[in-house]
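What follows is a set of notes on a single structure, which appears directly below.
Computed from the coordinates by the stated procedures, all read-outs in this text should not be read as laboratory data. Predicted model, so just to flag it, every value in this text is computed and none were measured. Every residue, glycine among them, receives a Cβ derived from its backbone with ideal geometry; neighbour counts consider all protein chains shown.
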Amino acid sequence: MDSNLRKQLKDIVWCKEAWQAPSCDSDAQALLRQCAATPAPEPTADLLEVIANSKNFPIPFPIDTVRLEKLKLKYPAEKLNRNIASTYPIIHERVVILIAKFIMYKRKYGSKIEKKLYKNMTIADFIDRLMTKRAVSFIKAEDKYKLLSGRNGVDGWEAVGTEQETPPLVLKDCLSYDEMKISALVYTSGHTQCINDGTRKNAGVVKTDDIETEAVIIGVVGPRFKRKNRMEYEDMLVTEDQNVPENGYEASCPDAAKRAWRQLWDDFYQIPSTSHSELTARVKLVPCSGRRVFGERWARVRTFAFDNAVYFRRMCLTADVVLLEANARAQEQGKSAFLNVIGAGLGLWKVSGHQLDVYILTFLQRIVSFLDAGRLDHVADVNFAYIKPGKEVAAFFKEDRSTGENSPTCKKLFIKNESHPRGGINVQIQDREPASALGGAHAGKLLVLTYAWDSNALPGNEFWMGKLSSSGDSAAACSTQITELHNAHINRALTGSATRVAVGKGVQPISDYCATLIPQTS
């Protein structure tokens with residue numbers, strides 16, 4: 001199975017070309033120098049301060065069982081302080097330069113409102129902004145929202161940052177859609193206590209039998225295709241009304257700002273944008289089903305084309321961060337990680353079933369790549385939970401009949417590597433609940449969880465509307481500490497300067513990483 005996987009990965013059309021290291025111009029270099037000169041703060045925690053911040057948070061908690069005020073009655077303060085101090089934003093190394101270029105883009109091409117905001121903004125300031133200016137809840141295609149003020153509404157976000165913005169949706173207090181696109185690439189990670197197994201309908205009921213009471217949890221954001229011509233939609237979907245020259249999809253575009261916006265993302269993904277007419281003139285679009293998922297860059301989805309190559313690179317960012325962070329956290333603990341991967345962007349946000357196949361194949365490709373580079377020596381297992389691939393991808397996995405009768409069906413694939421302490425990594429597909437107990441061969445491993453977050457909502461999202469069982473996000477909020485510890489309004493340790501960067505060799509403070517990008521003068 002392992003050799004067959006490696007052969008198939010080499011033949012996949014949409015991941016053959018290498019993604020080269022990003023370039024950085026002198027203007028962006030200045031922002032990197034500034035970031036390098038600001039050392040990461042020492043991790044600190046004050047349990048009573050965070051409890052007080054939580055009590056003063058303006059939006060009511062629908063349940064209290066996950067709050068520190070309750071948890072301190074059961075767990076030692078030392079452990080809870082560790083959880084607080086261990087929490088930080090984490091981004092892919094490519095996103096650091098993207099943020100610098102984004103700031104420079106807004107300084108040059110932004111509206112008057114944006115130019116004023118971005119004039120003196122640093123990289124750390126920008127990450128702070130992404131953490132603190134998001135809505136409390138943000139759901140559905142029509143952008144239904146709840147703000148920190150308690151105000152609820154629908155739509156209006158596309159005007160944020162423009163001359164047409166109107167209160168309460170103004171750039172001073174809210175993220176623009178352009179910022180949400182970057183925010184979708186900024187994740188959060190930290191230790192947590194678990195009060196139940198995290199099943200979708202757990203509703204915050206304490207149930208500590210047969211669970212892991214401690215874990216590391218990472219909030220990740222998948223591609224969102226719910227809003228036409230926004231966020232990943234504009235990079236990965238080619239449509240007749242969107243992909244036209246006047247929107248920046250050809251060099252002949254007369255609008256410099258629109259052309260520069262497309263160029264920013266073309267440079268980031270290192271894949272040129274295309275107009276609809278140019279694509280349909282040279283490519284016959286077919287549905288991406290069956291074995292075509294391996295051989296077709298372009299998939300026909302309803303009336304538009306889906307670019308598997310860009311989607312693959314977008315998901316590489318998620319896979320790399322999650323894998324490298326799991327490895328780093330396990331190394332800190334002197335353990336091996338059991339990583340539970342959920343389908344980020346594979347629920348209501350997806351536009352095609354074949355995304356599940358590309359998603360799993362992306363993780364497999366990154367695992368193979370890291371293993372071959374001598375990485376991930378502290379990752380033992382990667383489990384895909386509630387992700388159902390097509391039969392061609394499922395064929396890489398073999399059913400494990402050694403699991404108990406009461407356990408969900410488990411299909412496994414062992415990816416070999418002689419230099420790995422365990423001889424390789426076990427990859428499996430099993431619909432286990434996030435914090436269910438690690439028994440048998442998995443006993444003693446560090447559980448690393450992922451949950452599906454949103455780029456314009458606080459952790460929990462629907463949780464803050466009182467909907468405790470409507471999504472994986474709200475389920476995680478009812479099971480772990482993310483509503484307090486992944487919330488920058490409550491956990492003040494969650495700052496831009498505390499950001500970690502996932503790089504090929506591991507995870508490091510953002511200031512240290514930026515220092516490596518600055519040319520050294522003799």
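Considering only Val358, Thr38, Leu98, and ranking their Cα positions along the charge dipole of the chain that arises from unit charges at the beta-carbon of Lys, Arg, Asp and Glu, the one farthest toward the positive end is Val358. Within the straight-line cut-off of under 18 Å between alpha carbons, the lysines reachable from Lys258 are Lys101, Lys106, Lys108, Lys112, Lys115, Lys181, Lys228, sequence neighbours fewer than 8 places apart in one chain being disregarded.
Quick note on the chain: its Rg to Rh ratio, both from C-alpha atoms and Rh being the Kirkwood radius, is 0.94. The charge dipole of the chain, taken about its Cα centre with unit charges on the Cβ atoms of Lys, Arg (+1), Asp and Glu (-1) only, comes to about 420 debye. Taking every C-alpha pair closer than 8 Å and separated by at least 6 residues, the mean separation divided by the residue count of the chain gives a relative contact order of 25 percent. Only helices enter this figure: runs of n ≥ 4 DSSP H residues, each worth -39500 (n - 2.57), summed and divided by the residues of the chain, yield -10000 deg cm²/dmol at 222 nm to the nearest 500. The equivalent ellipsoid of region 274-347 has semi-axes of 36, 12, 10 Å, largest first, where each one is the square root of 5 times an eigenvalue of the Cα gyration tensor. Our note on the geometry: Cα centres of region 322-336 and region 300-320, 28 Å apart. For the pair region 108-175 and region 192-238, the centres of their Cα atoms are 23 angstrom apart.
If region 258-393 were replaced by its equivalent ellipsoid, with semi-axes equal to the square roots of 5 times the Cα gyration tensor eigenvalues, what would those be, largest first, whole Å?
So the three semi-axes of region 258-393 are 31, 18, 12 Å.
In region 364-522, the ratio of gyration radius to Kirkwood radius, Rg to Rh, stands at 1.02 when only Cα atoms are counted.
Listed by chain and number, the aspartates and glutamates whose C-alpha is less than 14 Å from the C-alpha of Lys172, apart from same-chain residues fewer than 8 away, are Glu114, Asp125, Asp128, Glu163. A crude spin-label estimate for the pair Lys391 and Asn120, with each label 7 Å from Cα along the Cβ direction, gives 6.4 nm.
Subtracting the Cα-Cα distance of Thr409 and Glu17 from 0.36 nm times their residue separation leaves 137.6 nm of extension gain. From least to most packed, judged by other beta carbons within 10 angstrom and beginning with the fewest, Lys412, Lys207 follow the order Lys207, Lys412. If the segment from Lys112 to Ala257 were pulled out straight at 0.36 nm per residue, it would be longer than the present Cα-Cα gap by 50.9 nm. Modelled this way, with points 7 Å down the Cα-to-C-beta line, the labels at Lys74 and Glu42 are 3.2 nm from one another.
The lysine pair count for region 2-89, using Cα distances under 28 Å and pairs eight or more places apart or on different chains, is 6. For region 132-222, the calculated P(r), taken from all Cα-Cα distances in 10 Å bins from zero up to the bin holding the longest distance, is 14, 34, 27, 19, 5, 0 percent. Largest first and in whole Å, the equivalent-ellipsoid semi-axes of region 52-169 read 33, 22, 12, each the square root of five times a Cα gyration tensor eigenvalue. Taking 0.36 nm per residue of separation and subtracting the Cα-Cα distance, full extension of the segment from His442 to Lys172 would add 92.4 nm.
Within the shell defined by Cβ-Cβ distances under 15 Å, the residues around Ile113 carry a net charge of +3, with Lys and Arg each +1 and Asp and Glu each -1.
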